[in-house]
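Working notes, beginning with the structure itself.
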Amino acid sequence: MLLHLDSSANRSDESVTRRLTRLFADRWRSDHGSTGYRYRDLAADPVPPIDTAYCQLGRRSEREGVVPLELVGALVENAAEAAAWALTEPLVNEVLASSTILIGAPLYNFSLPAALKAWIDRITFPGALALGDIEVLVITSRGGAYGPGTPREGWDYEVPYLRAYFTNYGVRDDNIRFITAEFCLAGLVPRLAHLRRMAEQSLAEAISSIAPGQHATAER
């Protein structure tokens, strides 16, 4: 199963990550069919942040030595915890049922979107995740560049965080891949106009990594 997550707050076609994740998902469905495809728009239908009830239920599970997922419901003590678990359990099961997780994650303020972090916090219930052979593809975008030799080298806290998170829960390092489109504001911001060629090249390389033979459009 492919679990496709978009987290860009911009839900229009201007969103580079949404365009690129859609390209990957379309190719995946062409190869595998739509039956095993699940989509979540974390901006349009946000996962609620974890709360006191979630934390208390999680700590109760940990005190029991971490309860198997299917038995957590028996630990619920009140309506708030029942609601918290009703939100959480389907999301965790959805992840565990997936063979591939596709994530669109633009870089916001040097890190990941809050909508994506809320989803991560929710699925990381104590003892719930053992991701094993799951493959993870993260498609990122950023207005500028953060690679080696750039003025903002080391300011990208999104990619290192997501790599650490997924490998910590069992995803092999060679099963997590990042595709990045840089200089995405060059086509919009006049003072960045001199970077447009680099932006076009970066987008073309991202598209080629997802769908060899396809070419970038003029959209930004």
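The values are calculated or read from the model by the stated rules, or taken from the named source; none is laboratory data. The structure presented is a predicted model; accordingly, all values stated were derived computationally and were not measured. Heads up, the Cβs are rebuilt from the backbone with ideal geometry, glycines too, and the neighbour counts pull from every protein chain shown. Only protein heavy atoms, including side chains, enter the accessible area calculation; ligands, DNA and RNA are left aside. Shrake-Rupley method; radii C 1.70, N 1.55, O 1.52, S 1.80 Å.
State all residues of the stretch 123-156 that are outside any loop (DSSP other than H, G, I, E, B) and over 30 Å from Glu64 (Cβ atoms); if no residue qualifies, say none.
The initial filter retains those residues of the stretch 123-156 that are outside any loop (DSSP other than H, G, I, E, B), namely 123, 135-141.
The answer is Glu135, Leu137, Val138, Ile139, Thr140, Ser141.
Checking each residue in the stretch 96-113 for being surrounded by 18 or more Cβ atoms within 10 Å (Cβ to Cβ) and aliphatic (A, V, I, L, M) picks out Ile101, Leu102, Ile103, Ala105, Leu107, Leu112.
Of all residues in the stretch 52-91 being of a type in the set (Asp, Glu) and over 25 Å from Leu3 (Cα atoms), which is surrounded by the most Cβ atoms within 10 Å (Cβ to Cβ)? Break it down stepwise before answering.
So in the stretch 52-91, the residues of a type in the set (Asp, Glu) come out as 62, 64, 70, 77, 81, 89.
From what's left, over 25 Å from Leu3 (Cα atoms): 62, 64, 77, 81.
Numbers: Glu62: 13, Glu64: 14, Glu77: 11, Glu81: 22.
Taking the candidates together, the pick is Glu81.
For the stretch 163-187, the tally of residues that are surrounded by 15 or more Cβ atoms within 10 Å (Cβ to Cβ), outside any helix (DSSP H, G or I) and either of a type outside the set (A, V, I, L, M, F, W, C) or under 19 Å from the mean Cα position of the chain (by Cα) (or both) stands at 10. Check the stretch 89-102 and report whether any residue there is in contact with a Gly (Cβ under 9 Å, 6 or more places away or on another chain), assigned to a helix (DSSP H, G or I) and among the acidic types (Asp, Glu). For the stretch 89-102, residues in contact with a Gly (Cβ under 9 Å, 6 or more places away or on another chain), assigned to a helix (DSSP H, G or I) and among the acidic types (Asp, Glu): present. Taken over the stretch 37-65, residues that are part of a loop (DSSP other than H, G, I, E, B) and in contact (Cβ under 8 Å) with a residue 40 or more places away in the chain amount to 7. The residues of the stretch 19-28 that are touching a residue at least 24 places away in the same chain (Cβ under 8 Å) and open to solvent by 20 Å² or more (accessible area, probe 1.4 Å), listed by number, are Arg19, Leu23, Phe24, Arg27, Trp28. Of all the listed residues (Pro126, Pro160, Pro190), the sole one being open to solvent by 70 Å² or more (accessible area, probe 1.4 Å) and over 17 Å from the mean Cα position of the chain (by Cα) is Pro190.
When the stretch 121-135 is filtered for residues that are farther than 23 Å from Pro48 by Cβ and of a type in the set (A, V, I, L, M), the ones remaining, listed by number, are Ala130, Ile134.
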